[in-house]
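All remarks here apply to the structure that follows.
The values are calculated or read from the model by the stated rules, or taken from the named source; none is laboratory data. Computed from a prediction, not measured in an experiment: that's the story for all the values here. Ideal geometry is used to build each Cβ from the backbone, glycine not excepted, and the neighbour counts take in all protein chains shown.
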Amino acid sequence: ELFVQCLATYSYRHGSGKEKKVLTYSDLANTAQESETFQFLADILPKKILASKYLKMLKEEKREEDEENDNDNESDHDEAES
């Protein structure tokens, strides 16, 4: 209970919702990312991203993996010819 209170207080004081007197999810996520004390929560409280951005990231990762696989296959083919 004290831990949650400490996290909420820290997030509120350092967050953007202070002007509105509101504690938001993004305040908590920023605290997890930026505060060394709460860094272990970064996986539990990730920053929000739009679904479209996430899908774009997945496509880019897949493209990079495909390029790496193609490069590996080419070097294997070159070695087989030697």
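Specify the residue that is surrounded by the most Cβ atoms within 10 Å (Cβ to Cβ); the eligible residues are those in segment 14-30 that are over 15 Å from the mean Cα position of the chain (by Cα) and under 19 Å from L50 (Cβ atoms).
Looking at residues that are over 15 Å from the mean Cα position of the chain (by Cα) and under 19 Å from L50 (Cβ atoms), I get T24.
Find all pairs meeting these conditions: Cβ atoms under 9 angstrom apart; at least six residues apart or on different chains; first residue within segment 12-23 and at positive phi and not assigned by TED's automatic domain parsing to the domain that holds E34; second residue assigned to a helix (DSSP H, G or I) and of a type in the set (F, W, Y).
Partner pairs satisfying both residue conditions: none exist.
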